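Engineer: Next up is a structure, given as structure tokens.
The values are calculated or read from the model by the stated rules, or taken from the named source; none is laboratory data. Model, not experiment: these values are computed from the prediction. Here the Cβ positions follow ideal geometry from the backbone for every residue, glycine too, while neighbour counts run over all protein chains shown. Heavy atoms of the whole protein, side chains included, go into the accessibility calculation; ligands, DNA and RNA do not. Shrake-Rupley method; radii C 1.70, N 1.55, O 1.52, S 1.80 Å.
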Amino acid sequence: MMCKLVGYTLFWIAIGMLFMLVIGSTWIGLILIAFFIILGYYLFDCR
């Protein structure tokens with residue numbers, strides 16, 4: 001189970017890196033990173 005979670009996480013990290021290459025703007029990237037970290041935390045917590 002843990003292997004699937006790590007693989008899934010690494011896949012989406014790679015997709016995010018490709019997305020940042022396309023955006024090219026540092027500030028928009030930082031705002032998106034903060035937003036997705038907060039969103040991911042709340043979705044992972046599932047309370």
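Engineer: Is it the case, given these coordinates, that Ile15 is on the phi < 0 side of the Ramachandran plot, hydrophobic (A, V, I, L, M, F, W, C) and open to solvent by 70 Å² or more (accessible area, probe 1.4 Å)?
Structural biologist: Considered against the rule, which asks whether it is on the phi < 0 side of the Ramachandran plot, hydrophobic (A, V, I, L, M, F, W, C) and open to solvent by 70 Å² or more (accessible area, probe 1.4 Å), Ile15 comes out as no.
Engineer: Something else: If I ask for residues that are modelled with pLDDT of 85 or more and either outside any helix (DSSP H, G or I) or open to solvent by less than 70 Å² (accessible area, probe 1.4 Å) (or both), which ones from segment 21-47 would you list?
Structural biologist: The one that is modelled with pLDDT of 85 or more and either outside any helix (DSSP H, G or I) or open to solvent by less than 70 Å² (accessible area, probe 1.4 Å) (or both): Ala34.
Engineer: Looking at (1) surrounded by 10 or more Cβ atoms within 10 Å (Cβ to Cβ); (2) modelled with pLDDT under 80, can you tell me which one Cys3 breaks?
Structural biologist: (1)
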